[in-house]
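The block underneath contains the structure these notes are about, expressed in structure tokens.
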Amino acid sequence: MFLTIYGVSRDKELEEVRIANDKLEKANLQISAWQEDVKALNKEMKQHLIIQNVKVKLVNGNRYKVNSVVEYNIQKSVDEEAQHLIAQDIESAYRSRDILKKQLKIKNTNSIKRFMKLKFIKFIFIQRFRLKFELKRWKKYYKKPLI
């Protein structure tokens, strides 16, 4: 009698273990499916990185003895023009870089006394848009005194 009761209880325990193993296998399959989905989404997100910050730097302000106020104003105006790039994906910002260059040259020509122009050195697109530029003299005004 004892063996019969013991055998029945062992069978119930074995059945519970089998059910638990089946649930565990299903959970592992779901986890692996989710991991594959996450990997696919990460790959897709890498392709569509978004610009989060804009950094602007004037490289050669001291070469032309431009005072810090004028240098700050030039950097600020370039930074304001480039702020629309925040929250854009890098591909579209990269495609519109030539338009941005022209736009910045036109806007800042008036603010730097008409005898300087902007020359853009680098456009770097890696979640942070970095723009390096320098001042350059117009050829016909090269003998005029500096600011």
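Structure note, pairs LYS46/LYS102; LYS76/LYS119; LYS76/LYS105; LYS39/LYS122; LYS39/LYS132; LYS57/LYS105: Cα-Cα distances above 24 angstrom occur for LYS46/LYS102; LYS39/LYS122; LYS39/LYS132. Near the amide H of GLN88, within less than 5 Å, lie the amide hydrogens of ILE51, all on another chain or at least 5 residues away, with H placed in the peptide plane. Look at the alpha carbon pairs under 8 Å that are at least 6 residues apart: their mean separation over the length of the range 34-104 gives a relative contact order of 41 percent.
Rounded, prolate or oblate: pick one for the range 52-96, where a ≥ b ≥ c are the square roots of the eigenvalues of its C-alpha gyration tensor, a/c under 1.5 means rounded, and failing that, prolate if a/b is larger than b/c, else oblate. Note, shape of the range 52-96 comes out prolate. Once the Cα-Cα distance is subtracted from the 0.36 nm per residue extended length, the VAL38 to ASN73 segment shows a gain of 8.1 nm.
Here, each number is a calculation from the coordinates, and none is a lab measurement. It should be emphasised that the depicted structure is a prediction, and the values quoted were computed from it without experimental measurement.
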